[in-house]
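Trainee: Pasting a structure below so you can have a look.
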Amino acid sequence: MKLVTRIAMALVALSPWLAGAQGPYPNKPVKVVVSTVPGPLDAFARIICEKLATSLKQPFVVENKAGAGGNIAAEYVKGQPADGYTLLFSIDTTFTVNPGLYKSLPFDPVKDFAVISVPVTYGQMLTVNPTVPARNVKELVTLARQKPLTYASGGNGSPSHLVAAYFLSTAGVEMTHIPYKGTGQSVIDVLGGRVDSLFAVTNGVLPYVKEARLRALAVSSAKRSALAPDVPTIAELGYPGFDVSFAYAFMAPAGTPDEIVQLLSREVLKAMAQADVQEKNRFADYTATGLDPKQSAAWLKENRDRWTKVIQQAAISAE
């Protein structure tokens, strides 16, 4: 009995030393899995990871695992230890759209993840080929009631498809959907007049608008884009409350200690407040949310509920 007591006392005496040896989080490199190939999300994730690395004095190493609308990356991160050393950066649609789009998912969007942050949102711009005789949203809706029109998207269930389906449902009109394997070719075919219209990220189509090769009619977000302040929102044009924005989601495996989640959330907010990050966000047409983990989780739930209804009403599938 005395031996057990001595061992217990020795462990108590050693515990501060052991805790110091382990050190505070993070005490080794952190892997951040990005759910896309290099592109807008990857660029944003790397900017944030660079700031986290500087502040927390450990490398935040980006690894791309693209495919299946983010499902591959999410499944991978879900299966990693919940210790804060493997994190996920994805487009919000992995958690808001995919649950309604796919018949089954290899993860539960709520139970398998701890939400760190939804740091930015971004809208989409509605454009038409200049030969389309519609100079505003009202004229486009009227035209769609008079003759068949088409709209392009980056693929079934892509953000450009979803915002168009939601707009058409709201306006009470129909257009024929022309899906592509990626936004790039969809823009090319609208430029060429083979398709009438499309929604796309603002900075992706704005150069063509400035060259008068596309005509901008509206943006989907609640506020006008800082890059195109003369282009009205859809909400301004007779559809009050219309607000479709997409986002990036920073996630950790479920069970990650809350102190780690809160720390990372605070660090993301600090990064977003830095002047160079703000300038890059302005150029990318991102709007900072300022959301904490609880608010970010609520944002994801609200949009998951909305897109599930849109997907069901429009009979959209991943195939």
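Trainee: Across the stretch 197-221, which residue is farthest from ASN281 (Cα to Cα) among those that are open to solvent by 40 Å² or more (accessible area, probe 1.4 Å), part of a helix (DSSP H, G or I) and in contact (Cβ under 8 Å) with a residue 24 or more places away in the chain?
Mentor: Filtering the stretch 197-221 for residues that are open to solvent by 40 Å² or more (accessible area, probe 1.4 Å), part of a helix (DSSP H, G or I) and in contact (Cβ under 8 Å) with a residue 24 or more places away in the chain, the one farthest from ASN281 (Cα to Cα) comes out as TYR208.
Trainee: Further question: If you go through the stretch 44-67 one residue at a time, how many are open to solvent by 50 Å² or more (accessible area, probe 1.4 Å), assigned to a helix (DSSP H, G or I) and without any contact (Cβ under 8 Å) to a residue 12 or more places away in the chain?
Mentor: Residues in the stretch 44-67 being open to solvent by 50 Å² or more (accessible area, probe 1.4 Å), assigned to a helix (DSSP H, G or I) and without any contact (Cβ under 8 Å) to a residue 12 or more places away in the chain: 2 in total.
Trainee: Are there any pairs, at least 6 apart or on different chains, whose C-beta atoms fall under 7 Å, with the first in the stretch 96-118 and polar (S, T, N, Q) and the second at pLDDT 95 or above and part of a strand (DSSP E or B), and if so, which?
Mentor: Within 7 Å, the pairs are SER117/PHE250.
Trainee: Could you check how many residues of the stretch 126-153 are open to solvent by 20 Å² or more (accessible area, probe 1.4 Å) and either farther than 12 Å from VAL190 by Cα or hydrophobic (A, V, I, L, M, F, W, C) (or both)?
Mentor: Summing the residues that are open to solvent by 20 Å² or more (accessible area, probe 1.4 Å) and either farther than 12 Å from VAL190 by Cα or hydrophobic (A, V, I, L, M, F, W, C) (or both) in the stretch 126-153 gives 10.
Trainee: Still on this structure: In the stretch 184-194, which residues are open to solvent by 40 Å² or more (accessible area, probe 1.4 Å) and part of a helix (DSSP H, G or I)?
Mentor: Result: GLY184, GLN185, ILE188.
Trainee: A follow-up question, please. Can you find a residue in the stretch 267-285 that is farther than 15 Å from VAL120 by Cα and polar (S, T, N, Q)?
Mentor: Looking through the stretch 267-285, none of the residues is farther than 15 Å from VAL120 by Cα and polar (S, T, N, Q).
Trainee: Moving on to the next point. Kindly indicate the residue of the stretch 115-158 that is in a loop (DSSP other than H, G, I, E, B) and under 26 Å from the mean Cα position of the chain (by Cα) and also farthest from VAL77 (Cα to Cα) among those meeting that condition.
Mentor: Only one residue fits best here, namely GLY123.
Trainee: When you go through VAL128, VAL163, VAL137 one by one, which is the residue that is β-branched (Val, Ile, Thr), touching a residue at least 40 places away in the same chain (Cβ under 8 Å) and within 27 Å of ALA288 (Cα to Cα)?
Mentor: Criteria check complete, one pass: VAL163.
Trainee: In the stretch 168-183, what count of residues is obtained for those that are open to solvent by less than 50 Å² (accessible area, probe 1.4 Å) and either touching a helix residue (DSSP H, G or I) at 6+ places or on another chain (Cβ under 9 Å) or free of Cβ contacts under 8 Å to residues at least 24 places away in the same chain (or both)?
Mentor: 6
Trainee: Looking only at the stretch 222-234, which residues are closer than 26 Å to SER117 by Cβ and either open to solvent by 30 Å² or more (accessible area, probe 1.4 Å) or more than 21 Å from the chain's Cα centre (by Cα) (or both)?
Mentor: If the condition is that a residue be closer than 26 Å to SER117 by Cβ and either open to solvent by 30 Å² or more (accessible area, probe 1.4 Å) or more than 21 Å from the chain's Cα centre (by Cα) (or both), then ALA222, LYS223, ARG224, ALA226, LEU227 are the ones that fit.
Trainee: Considering only residues that are among the aliphatic types (A, V, I, L, M) and buried (at least 20 other Cβ atoms within 10 Å of the Cβ), look in the stretch 75-90 and name the one that is farthest from the chain's Cα centre (by Cα).
Mentor: VAL77
Trainee: Kindly list the number of the only condition in (1) open to solvent by less than 20 Å² (accessible area, probe 1.4 Å); (2) under 14 Å from PHE199 (Cα atoms) that fails for PRO159.
Mentor: All conditions pass for PRO159, except number (1).
Trainee: Go through the stretch 278-319 and count every residue that is aliphatic (A, V, I, L, M), in a helix (DSSP H, G or I) and closer than 19 Å to PRO159 by Cα.
Mentor: Of the residues in that region, 5 qualify.
Trainee: Anything in the stretch 288-319 that is open to solvent by 80 Å² or more (accessible area, probe 1.4 Å) and at pLDDT below 95? List them, or say none.
Mentor: LYS309, GLN312, GLN313, ALA315, GLU319, listed by residue number.
The values are calculated or read from the model by the stated rules, or taken from the named source; none is laboratory data. Everything quoted here is computed from the prediction, not taken from an experiment. Neighbour counts run over all protein chains shown; Cβ positions are idealised from the backbone, glycine included. Please note that ligands, DNA and RNA were not included when accessible areas were found on the heavy atoms of the full protein model with its side chains. Shrake-Rupley method; radii C 1.70, N 1.55, O 1.52, S 1.80 Å.
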